[in-house]
Amino acid sequence: MRKVAYYKGCLASLSAKELDSATQALAPKVGLELIELESVTCCGAGDIHEAEPDYYLHLNARILSYAAAEGVDTLLTVCNVCTLNLRQANFMLLGDTELRARVNENLVAVGVPAYEQDVDVRHLLWEIAEGEGYELLKGAAHKGLKGLKIAPFYGCQILRPSKIQGFEDPDRPWSLERIIQACGGEPVDYPAKIKCCGFPIIQAREETALSELIQPIEQAYEAGADAIVTPCPLCHLSLDAWQSKLKKSTGRDFNMPILHLSQLVGVAAGLTESELKFKRHVVSVKPVLEKLEA
Amino acid sequence: MQVGLKIWRFNSRTGERELQEYEIAAPEEATLLDCLDIVKDQHDGTLAYRKSCRMMICGSCGMRMDGAAVLACKMRMYDIAQSGHVPVISAMGNLPIVKDLVVDMDPFWQKFNSVNPYLQPGYEEPPDGKEHVISQQRMNVVHKEALCINCGCCVSECNAMEADPMFTGPQALAKAMRFVGDPRDGQKLARLEKLNGEHGIWECTRCYFCNERCPKGVDPRDAIAKLGAESMKEGIDRDMGAKHAKWFVTSARTTGWLRETELVPKTQGIVSAIKQTRFALDLARKGKVPPPFPPHVAKDVREARRLHDLVRDQGRNGFAGIVQGEHALARLAHGHSGTETLEEIYDRPGAYHRPFIADEEADV
């Protein structure tokens, strides 16, 4: 069992509690012992980076510092946006000793340990798409997905900018497809799988956001997918909760179930509803579960 | 080497569209542009594309290869030809096609012009006979933005512009930052006011395609974030996007975690929030609207609050807060992790194709 610091972020703490619960239940099956960080805050979700960038850097340095204080080398995330914000701040600090010294001085001044021991920020997707995590996943997914057609939706910030993320080719990603296959599902391909779900502007520019959101849902639907899976709770919220709003603009009722990555693997690994909490979804996951039980 | 290309031909007068395949012989160091020249010279003189400098500075030859915008003159074909892959070449996205690979750049230039892409007077004149001397450090603020060659690769892939063609877009906004950040410009506040309009900076959806595609390292998304930060610093925060961003700061320093339920009224205002009540109730039934009371408070959140006040007093917000990280992030762009060899850098998953290296032939 490999110990990693676990940063669940805002959504998994609140409106997407099902993601946290499914991740906690899945982790030991893929060889991860999660050390939940308590004294941490929001990463700023790109918004604090744009509103008060120096505060963004310090907030994230504080999270990195508390992760390092656990004596681990990896900070595990379950959200695209947390992953980018933390990795970006981390590279700013690792690549500039003067900047790191100044940030550390400020951290210490408010009672936070200095960020000394480097940690690497990694998304759960990367941990289970290759290496030991992948081998364990193959063994754990014993219940399988019975050939369900699953549309992988990556979202943006786990792929781009690739100089910061860099896990896989941002134009031809393979990790979700590999996991879907390992779980006994059939990945379907469609162009919008690497595009934006619209979430960052879904409140400030809803119409523009919905024009983005419809693409993956419509294309996955046309590709015959039973469900979409995403590694990001913001994409999940957008695709799941805002899906009903597409009806008004298009007159079409999509009802495409949206699964978190941890839930998809969790289903294949035989986790139960008490851990997966599908009842918290806006679009019902029932059709998927019924197909699995059939 | 033999290079195969599939090219989307298009005739805007007739609307005819056809995928044509070409097989050509090209020198091993050939770029995509060299290959197109060979097609045009030796195989099919009717092929249309733009080019001029052939050395990544004029910005004429933006086009798509396998769906991703590239500068044809930057794209070496050696690895692709060796792998046997036949790439699909098409015109850039988000702009109307005139013929084959030539797009109508008019909408692009209109947006470019809309940000007044030139220095405007109004700064304090130095005393008589003195030069206006500006430090290198101060000019570093716009170093990346000044690299833009107006090729349109960022615009081609912009997800927000695809959803709303009126969006000012990454190129024009990066250009705007080039002048907002320039100490010789006298219209910073007026520029920021305008950039906070309906189709301005807050319509960016942060898909990061622009950063990914830019062949010159401009990172337009980061330029847009700099404009946002500078607007907020100057108190220009009336847009819903700005209010949205501000609520994250308030949340972080009060409870530590995002206060999700209050985000909608804080962003859109109470009236709009009430109009969405039915939608909100649907979400609430699923536990997607966590009750604001009692608030979910992070442990030791006092530290986050004190950190906020301390950092605010140090005055590095606005674009300066983003610029301070550029030096370190540029090392990533150039592949300096410190321990990797050049070969390892190019062999990273997702790295750009390795450039053609003459004496490496033996390995192939």
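Given B:K243, B:K266, which one is outside the structural domain of B:F179 (by TED's automatic domain parsing), charged (D, E, K, R), under 30 Å from B:E193 (Cα atoms) and out of contact with any Cys (no Cβ under 9 Å at 6 or more places or on another chain)? Steps first, please.
Numbers: B:K243 fails: outside the structural domain of B:F179 (by TED's automatic domain parsing).
That would be B:K266, the only listed residue that is outside the structural domain of B:F179 (by TED's automatic domain parsing), charged (D, E, K, R), under 30 Å from B:E193 (Cα atoms) and out of contact with any Cys (no Cβ under 9 Å at 6 or more places or on another chain).
Here's the yes/no breakdown for (1) assigned by TED's automatic domain parsing to the domain that holds B:V141; (2) aliphatic (A, V, I, L, M); (3) at pLDDT 90 or above:
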residue	(1), (2), (3)
B:K286	no, no, no
B:V289	no, yes, no
B:R305	yes, no, yes
B:G325	yes, no, yes
B:L342	no, yes, no
B:Y346	no, no, no
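If you go through the stretch A:239-294 one residue at a time, how many are in a helix (DSSP H, G or I), small (G, A, S) and under 27 Å from A:H123 (Cβ atoms)?
Applying the first criterion (in a helix (DSSP H, G or I)) to the stretch A:239-294 yields A:239-241, A:245-250, A:261-268, A:273-276, A:278-280, A:286-293.
Still in the list and also small (G, A, S): A:241, A:249, A:262, A:266, A:268, A:274.
Filter once more, so that each one left must be under 27 Å from A:H123 (Cβ atoms): A:241, A:262, A:266, A:268, A:274.
Looking only at that region, the number is 5.
Identify, please: which residue in the stretch A:167-182 is crowded, with 22+ Cβ neighbours inside 10 Å and under 14 Å from A:A227 (Cα atoms) and is, among those, nearest to the other protein chains (Cβ to nearest Cβ)?
This residue is A:L176.
What residue, among those in the stretch A:69-98 that are among the aliphatic types (A, V, I, L, M) and open to solvent by 10 Å² or more (accessible area, probe 1.4 Å), is nearest to A:G198 (Cα to Cα)? Let's see the steps before the verdict.
So in the stretch A:69-98, the residues among the aliphatic types (A, V, I, L, M) come out as A:69, A:72, A:75-76, A:78, A:81, A:84, A:86, A:89, A:92-94.
Retained after the next criterion (residues that are open to solvent by 10 Å² or more (accessible area, probe 1.4 Å)): A:69, A:72, A:81, A:94.
Values: A:A69: 36, A:V72: 34, A:V81: 13, A:L94: 31 Å.
This residue is A:V81.
Determine, yes or no, whether B:R316 is in contact with a helix residue (DSSP H, G or I) (Cβ under 6 Å, 6 or more places away or on another chain) and open to solvent by 70 Å² or more (accessible area, probe 1.4 Å). It would help to see each step written out before you state the result.
Values: in contact with a helix residue (DSSP H, G or I) (Cβ under 6 Å, 6 or more places away or on another chain): yes; open to solvent by 70 Å² or more (accessible area, probe 1.4 Å): yes.
Judged against the criteria, B:R316 is a match.
Within the stretch B:173-195, which residues are part of a helix (DSSP H, G or I), surrounded by fewer than 24 Cβ atoms within 10 Å (Cβ to Cβ) and small (G, A, S)?
B:A190
What is the number of the single condition among (1) of a type outside the set (D, E, K, R); (2) within 12 Å of chain A (Cβ to nearest Cβ); (3) in a loop (DSSP other than H, G, I, E, B) that B:L119 does not meet?
(2)
List pairs: first residue in the stretch A:138-154 and without any contact (Cβ under 8 Å) to a residue 60 or more places away in the chain, second residue open to solvent by less than 10 Å² (accessible area, probe 1.4 Å) anywhere in the structure, Cβ distance under 6 angstrom, at least six positions apart or on different chains.
Sorted first by the residue in the stretch A:138-154, then by its partner, the list stays empty.
State the number of residues belonging to the stretch B:82-92 that are surrounded by fewer than 18 Cβ atoms within 10 Å (Cβ to Cβ) and closer than 23 Å to B:C53 by Cα.
So in the stretch B:82-92, the residues surrounded by fewer than 18 Cβ atoms within 10 Å (Cβ to Cβ) come out as B:82-86, B:88.
This time we only want the ones that are closer than 23 Å to B:C53 by Cα, so: none.
Of the residues in the stretch B:82-92, 0 are surrounded by fewer than 18 Cβ atoms within 10 Å (Cβ to Cβ) and closer than 23 Å to B:C53 by Cα.
Name the residue that is farthest from B:V323 (Cα to Cα), counting only residues in the stretch A:42-69 that are in contact with a helix residue (DSSP H, G or I) (Cβ under 7 Å, 6 or more places away or on another chain) and of a type in the set (G, A, S). Reasoning before the result, please.
The first filter runs over the stretch A:42-69 and keeps only residues in contact with a helix residue (DSSP H, G or I) (Cβ under 7 Å, 6 or more places away or on another chain), leaving A:42-65.
Among the residues that remain, those that are also of a type in the set (G, A, S) are: A:44-46, A:51, A:61, A:65.
Values: A:G44: 18, A:A45: 19, A:G46: 15, A:A51: 14, A:A61: 17, A:S65: 23 Å.
Filtering the stretch A:42-69 for residues that are in contact with a helix residue (DSSP H, G or I) (Cβ under 7 Å, 6 or more places away or on another chain) and of a type in the set (G, A, S), the one farthest from B:V323 (Cα to Cα) comes out as A:S65.
Quick test for you: out of A:V188, A:V265, A:V283, pick the one residue that is among the aliphatic types (A, V, I, L, M), modelled with pLDDT of 95 or more and closer than 27 Å to A:P28 by Cα.
A:V265
Within the stretch A:196-236, work out how many residues are of a type in the set (D, E) and either surrounded by 24 or more Cβ atoms within 10 Å (Cβ to Cβ) or in contact with a Gly (Cβ under 7 Å, 6 or more places away or on another chain) (or both).
The initial filter retains those residues of the stretch A:196-236 that are of a type in the set (D, E), namely A:206-207, A:212, A:218, A:222, A:226.
Now restrict to residues that are either surrounded by 24 or more Cβ atoms within 10 Å (Cβ to Cβ) or in contact with a Gly (Cβ under 7 Å, 6 or more places away or on another chain) (or both): A:212.
Selection size over the stretch A:196-236: 1.
For residues that are buried (at least 21 other Cβ atoms within 10 Å of the Cβ) and more than 8 Å from every other protein chain (Cβ to nearest Cβ), scanning just the stretch B:227-242, find the one that is farthest from B:W202 (Cα to Cα). Before you say what the answer is, go through the steps one by one.
So the first thing to find is which residues in the stretch B:227-242 are buried (at least 21 other Cβ atoms within 10 Å of the Cβ), and the list is B:227-232, B:239, B:241-242.
Narrowing the set further to residues that are more than 8 Å from every other protein chain (Cβ to nearest Cβ) leaves B:227, B:230-231.
Working: B:L227: 10, B:E230: 13, B:S231: 11 Å.
The residue in question is B:E230.
Facing another protein chain (nearest Cβ under 7 Å), touching a residue at least 40 places away in the same chain (Cβ under 8 Å) and of a type outside the set (G, A, S): does that describe A:Q157? Before you say what the answer is, go through the steps one by one.
Working: facing another protein chain (nearest Cβ under 7 Å): yes; touching a residue at least 40 places away in the same chain (Cβ under 8 Å): yes; of a type outside the set (G, A, S): yes.
Yes.
Among the residues of the stretch A:45-86, how many are within 14 Å of the chain's Cα centre (by Cα) and within 28 Å of B:W202 (Cβ to Cβ)? Don't jump to the end; show me each part of the working.
Within the stretch A:45-86, the first condition is being within 14 Å of the chain's Cα centre (by Cα), and the residues that meet it are A:45, A:75-86.
Then drop every residue that is not within 28 Å of B:W202 (Cβ to Cβ), which leaves A:45, A:77-86.
Number of matching residues: 11.
I'd like to check which helices (runs of 4 or more DSSP H) are fully inside the stretch B:196-270 and have at least 1 residues that are touching an Asp or Glu at 6+ places or on another chain (Cβ under 8 Å) and not aromatic (F, W, Y). Full working, then the answer.
On the way: elements: B:209-213, B:220-233, B:240-254, B:260-268.
Fully inside the stretch B:196-270 and qualifying: B:209-213, B:220-233, B:240-254.
Looking at the stretch B:22-56, which of its residues are open to solvent by 60 Å² or more (accessible area, probe 1.4 Å) and either on the phi > 0 side of the Ramachandran plot or of a type in the set (A, V, I, L, M) (or both)?
Matches in the stretch B:22-56: B:A25, B:R54, B:M55, B:M56.
Just to verify a result, which residue in the stretch B:243-269, among those that are touching a residue at least 40 places away in the same chain (Cβ under 8 Å) and open to solvent by 40 Å² or more (accessible area, probe 1.4 Å), is nearest to the other protein chains (Cβ to nearest Cβ)?
Filtering first and then ranking leaves B:R253.
Which ones in the stretch A:1-38 are part of a loop (DSSP other than H, G, I, E, B) and open to solvent by 10 Å² or more (accessible area, probe 1.4 Å)?
So the first thing to find is which residues in the stretch A:1-38 are part of a loop (DSSP other than H, G, I, E, B), and the list is A:1, A:8, A:14-16, A:31, A:37-38.
If the condition is that a residue be part of a loop (DSSP other than H, G, I, E, B) and open to solvent by 10 Å² or more (accessible area, probe 1.4 Å), then A:M1, A:K8, A:L14, A:G31, A:L37, A:E38 are the ones that fit.
Might you check whether a residue that is under 20 Å from the mean Cα position of the chain (by Cα), in contact (Cβ under 8 Å) with a residue 40 or more places away in the chain and facing another protein chain (nearest Cβ under 10 Å) occurs anywhere in the stretch A:202-220?
Checked the stretch A:202-220: at least one residue is under 20 Å from the mean Cα position of the chain (by Cα), in contact (Cβ under 8 Å) with a residue 40 or more places away in the chain and facing another protein chain (nearest Cβ under 10 Å).
Go through the stretch B:57-81 residue by residue and tally those that are within 22 Å of B:P96 (Cβ to Cβ), within 14 Å of chain A (Cβ to nearest Cβ) and open to solvent by less than 30 Å² (accessible area, probe 1.4 Å).
Of the stretch B:57-81, the ones within 22 Å of B:P96 (Cβ to Cβ) are B:58-72.
This time we only want the ones that are within 14 Å of chain A (Cβ to nearest Cβ), so: B:64-70.
Still in the list and also open to solvent by less than 30 Å² (accessible area, probe 1.4 Å): B:65, B:68-70.
Selection size over the stretch B:57-81: 4.
Collect the residues in the stretch B:304-321 that are charged (D, E, K, R), over 22 Å from A:V40 (Cβ atoms) and at the interface with chain A (Cβ under 8 Å from one of its Cβ atoms), keeping them in residue-number order.
Going through the stretch B:304-321, the residues charged (D, E, K, R) turn out to be B:305-306, B:309, B:312-313, B:316.
Add one more test, that the residue is over 22 Å from A:V40 (Cβ atoms), and what stays is B:313, B:316.
B:R316, the sole residue that qualifies.
The values are calculated or read from the model by the stated rules, or taken from the named source; none is laboratory data. All values derive from a computational prediction rather than experimental measurement. We place every Cβ from the backbone using ideal geometry, glycine too, and count neighbours over all the protein chains shown. In case anyone asks, the SASA skips ligands and DNA or RNA and just uses the protein heavy atoms, side chains included. Shrake-Rupley method; radii C 1.70, N 1.55, O 1.52, S 1.80 Å.
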